[in-house]
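Quick note: the coordinates plus some simple rules give every number you see, no bench work behind them. All figures in this text were calculated on a predicted structure; none of them were measured in a lab. Heads up, the Cβs are rebuilt from the backbone with ideal geometry, glycines too, and the neighbour counts pull from every protein chain shown.
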Amino acid sequence: MKLLSKHETRRRLLRGLPDSDLLATLVGQWLQTPQGYEVLQAEREIVTPLLSRLFGYHILQVGCNEECSLIDNSPVGHKIIFSPTWRPGTRHAIADNEELPLATDSIDVVVIHHALDFTDDSHRLLREATRVLRPGGKMLIIGFNPYSHWGFWKLFKRRINIPWRGRFISKGRLLDWLQLLDLQIDSVNYGLHFLPLKFSRLLKHAKRMERFGSKIKSPFGGAYFILCVNQVAPITPILSKWRQIRARATVIPVAENTRAKIH
């Protein structure tokens with residue numbers, strides 16, 4: 001993974017980046033910090049049991065960094081994760097999240113891991129993920145919750161850093177998008193109930209706070225986990241409403257039934 005100095009990172013961000021390459025690098029660096037590590041562990045605790053109940057032939061994860069996989073323990077056999085760009089040592093195929101090289105209706109399970117938070121066109125990415133999802137397939141969306149400690153903390157953080165550079169799309173807004181795409185909500189869960197702090201001493205209590213937040217089912221967790229299903233439109237035969245025209249009785253001419261009189 002390519003490492004960038006703080007000066008180089010700031011210079012590229014001020015030029016209107018990050019592009020997919022820089023974003024993947026920044027996300028990878030953040031996940032190696034104590035805060036990022038706890039976030040990933042907490043998300044895996046929630047995602048693993050959800051995916052264990054989803055079956056099929058193909059599962060796709062759409063994210064910002066191919067080295068961060070949440071689908072390793074999925075019972076689905078064929079696992080697909082694309083790399084956003086080529087880098088030395090990359091083992092994954094390269095593809096843009098908004099232009100997936102996959103056939104329509106070909107994937108059984110799609111996992112969107114914060115990809116909607118870190119793209120300029122969330123609508124396009126969501127439509128593309130829906131396109132490849134087969135009818136009846138399941139989609140799991142993981143995103144940062146703006147109505148949480150994490151969303152509040154974002155107001156006071158520098159926007160060039162991860163994860164504060166993300167958009168933090170609200171659950172209500174996302175549900176409207178899903179409805180337009182005919183994706184029916186199956187379940188909604190929340191995680192990241194611990195405070196968004198970087199201190200290792202305080203992060204030691206993250207797991208205890210996660211258990212407490214899950215126990216009381218708090219909707220103010222720093223991330224939401226929305227599981228939805230691609231609805232299958234029922235095929236209803238169209239019946240003709242025209243009245244059937246009954247055949248008219250044959251009328252025999254009167255002349256043929258009249259006997260001639262012989263005088």
> Within the stretch 43-63, what residues put their amide N at less than 16 Å from the label point 7 Å along the Cα-to-Cβ vector of Ser218?
Replying inline: 43
> Modelled label-to-label distance, Lys198 and Gln179, 7 Å Cα→beta-carbon offset: nm?
Replying inline: 4.0
>> Please compute the modelled spin-label separation between Arg44 and His78, points set 7 Å along Cα→Cβ, answer in nm with one decimal.
In response: 2.6
